[in-house]
Amino acid sequence: MYFYHRIRDVREDNDLSQQQVADILDITRQQYQLYESGKREMPMHCFIELAKYYNVSLDYLAGIKVHK
């Protein structure tokens, strides 16, 4: 899974619009849409803000799965 799929899924799971998440990150909706569509790489500080907001780990947002 790519990170942009995960940030979309988490946003939708929390019933937020792209504009609401953009406001949380203090960016434009258009900029956030580029991150969520995978057309632009999201800066680490935005990942950190989203992880804090959603109360999830950075690994989870990045789509990293731990295999045992």
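Tabulated data
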read-out	value
Subset of the stretch 48-64 (residues that are over 14 Å from A22 (Cβ atoms) and in contact (Cβ under 8 Å) with a residue 24 or more places away in the chain)	Y54, V56, Y60, L61, A62, G63
Criterion: among the aliphatic types (A, V, I, L, M), assigned to a loop (DSSP other than H, G, I, E, B) and modelled with pLDDT of 95 or more - qualifying residue of L50, L16, L34	L16
Pair list, Cβ under 9 Å, 6 or more apart: the stretch 1-21 residue acidic (D, E), other residue assigned to a loop (DSSP other than H, G, I, E, B)	D9/M1
Enumeration of residues in the stretch 23-68 that are hydroxyl-bearing (S, T, Y) and within 15 Å of R8 (Cα to Cα)	Y32, Y35, S37, Y53, Y54, Y60
Subset of the stretch 1-46 [acidic (D, E) and either under 16 Å from A62 (Cβ atoms) or more than 11 Å from the chain's Cα centre (by Cα) (or both)]	D9, D13, D15, D23, D26, E36, E41
Search result, residues across the stretch 21-68 that are closer than 16 Å to Y2 by Cβ, charged (D, E, K, R) and surrounded by 13 or more Cβ atoms within 10 Å (Cβ to Cβ)	E36, R40
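The values are calculated or read from the model by the stated rules, or taken from the named source; none is laboratory data. Bear in mind that the values here come from a model prediction, so they are computed numbers and not experimental data. So basically every Cβ, Gly included, is an ideal-geometry build from the backbone, and we count neighbours across all protein chains shown.
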